[in-house]
1. It is to be established whether one or more residues within the stretch 211-219 are closer than 25 Å to His263 by Cβ and touching a helix residue (DSSP H, G or I) at 6+ places or on another chain (Cβ under 6 Å).
2. Report whether or not Arg34 is touching a Ser or Thr at 6+ places or on another chain (Cβ under 6 Å), open to solvent by 10 Å² or more (accessible area, probe 1.4 Å), modelled with pLDDT of 95 or more and not in a loop (DSSP other than H, G, I, E, B).
3. Pairs needed: first member in the stretch 481-509, on the phi > 0 side of the Ramachandran plot; second member anywhere, part of a helix (DSSP H, G or I); C-beta distance under 8 Å; at least 6 residues apart or different chains.
4. In the stretch 242-265, what count of residues is obtained for those that are closer than 24 Å to Tyr33 by Cα, among the aliphatic types (A, V, I, L, M) and outside any loop (DSSP other than H, G, I, E, B)?
5. In the stretch 117-190, which strands (runs of 3 or more DSSP E) lie fully inside it and hold 2 or more residues that are open to solvent by less than 30 Å² (accessible area, probe 1.4 Å)?
6. State whether one or more residues within the stretch 482-495 are at pLDDT below 90 and over 28 Å from Thr209 (Cα atoms).
7. Counting just the residues of the stretch 261-307 that are in contact with a strand residue (DSSP E or B) (Cβ under 7 Å, 6 or more places away or on another chain) and small (Gly, Ala, Ser), which one comes out farthest from Ala415 (Cα to Cα)?
8. Hey, Val219 hits all of (1) open to solvent by 10 Å² or more (accessible area, probe 1.4 Å); (2) modelled with pLDDT of 95 or more; (3) of a type outside the set (Phe, Trp, Tyr) but one; which does it fall short on?
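The values are calculated or read from the model by the stated rules, or taken from the named source; none is laboratory data. Remember, predicted model here, so these are calculated numbers, not experimental data. Using ideal geometry, Cβ is built from the backbone for each residue, glycine included, and neighbour counts are taken over all protein chains shown. Keep in mind that these areas ignore ligands, DNA and RNA; they rest on the heavy atoms of the full protein, side chains included. Shrake-Rupley method; radii C 1.70, N 1.55, O 1.52, S 1.80 Å.
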Amino acid sequence: MTAKHFDWISHHAYRTPDKLAVVDLGTGRQITYRSFNRRIDSLARHLQEAGIVRGDRIAVLALNSTDTLEIQFSCGRIGAIFLPLNNRLALDELEFILQDSTPRVLVSDTDFELMAIELSSRFPDMSLLKMGEGHSYEAATTSGTSLQRSEEVTHDEVCTIMYTSGTTGRPKGAMITFGMNFWNAVNISPIVGASPESVLLVTLPLFHTGGLNCFTNPVFHAGGTVIVMRSFDAAQTLDLLTKRTYGVNLYFCVPSNYLFMSHLPEFEIARFEGLTSGSGGASMPVALIEQYQRKGLEIFQGYGMTETGPFIFCLGREDAALKVGSCGKRVLHTSVKLIGNDGNEVGSKVPGELWVRGPSITPGYWNRPEANKTAFKDGWLNTGDIVQADDDGHYYIVDRSKDMYISGGENVYPAEVENAIFHMERVADVAIIGIPDERWGETGQAFVVVKSGQVLTAADVVAHCRSKLARFKCPAIVTFVDDLPRTATGKVHKPTLRESAHRIKQRAD
């Protein structure tokens, strides 16, 4: 028998109706669980009356707001599928996703109104719902009409389609089930201490699993409070975290967010005692972790993917200082194995490709039968990431297999080289890519951002690398840039760097 999905928000509205559920920093709106539940109910009823049925997709194009969270839970109440869109994509990129997912409704805020109107003209069967005071969305959430409950939803049903960033090609829609969200909450809450007392600050975009599930949905499952920032602002975030505004005691972001905060003048006197804070999405340089440790913050690392709920590994707070650089041990309801080049499992201290299975793993990609055949084998999801474990069972992300390059027959993992360069005091940011080389097959090109007011030469970077790394790992070319191209979630966008490297070579030739 398939497990029933229980409605978290209605439960907390029943148990703790006056508890603060959400705060919207963009509007200043503060909503209790009682009011949050009523708004969700009213929106769900509006969608039903508009003809939305079980399995229909509801797309959202907006900056972060509590409205997006209401849409997620409203979809859940009627069995519709929540479809958050990356608001940094170009019009044609969004058109591809809408063609693939065929939503019945597009909800947009005023920032993307013109784009939403253009998209609706390309998809005449898709209706528009506008967020904001005085618009149709607000009317739908405050009509006071209660939802007439019908068929219950189950853990196996898809509640969300979340499109991957598309850094290796056209984006694919990972199907997220109610069960995946439940098991992710069960897996991660004991490790990070998610509870009714949790007050989470969300600065990652809610169209990404980092914003939605690290730890927004787990905190809702626990009955805590979620503070939503419209988009990441380094100064505002640092102020909220250090002053503990609203009682913020839980935070999660990507390494670049920590990096940007560390560059602020206010960081010099910042202290972070009493805050639980994590990082994911990319390997965090050890030097940056240590910088925050000196400020009283033990940043624990986690690892996961959109397709895995997301958490596969998480470092316990008690190990944050002891296992610096580790993404932790596997979470409870997840199985993992590391596969070597020969197809066999590897032992500790040997890099291998990570395979994973469990109840928090996606059932597959929307409309992608061929991709599903490639990604899954005997129930195991092949993540494409290179990982190794130590003798204590703590895991370390070595690199993405697609980012790895081979120089003179040796595997080079850019994350290792980036970490070495980041230890240079004058370096603000760095990324490594592999480029073709006539002699070695491939070699490394480093893109380096120098701290303001500092001077650094390519020779300095190469000399530092040679003092820390094997010679074949050292970059052959060092390119200085003002900043690094990043995806909406803060990850370095290496395809853009590869294009830059190609243009640089063409000019040189």
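1. So far as the stretch 211-219 goes, no, none of its residues is closer than 25 Å to His263 by Cβ and touching a helix residue (DSSP H, G or I) at 6+ places or on another chain (Cβ under 6 Å).
2. The answer is no for Arg34.
3. Note: pairs meeting the criteria are Gly490/Pro255; Gly490/Ser256; Gly490/Asn257.
4. Total meeting the criteria: 1.
5. Filter on the stretch 117-190 gives 158-163, 173-177.
6. There is no residue in the stretch 482-495 that is at pLDDT below 90 and over 28 Å from Thr209 (Cα atoms).
7. Ser277
8. Going through (1) open to solvent by 10 Å² or more (accessible area, probe 1.4 Å); (2) modelled with pLDDT of 95 or more; (3) of a type outside the set (Phe, Trp, Tyr) one by one, Val219 breaks only (1).
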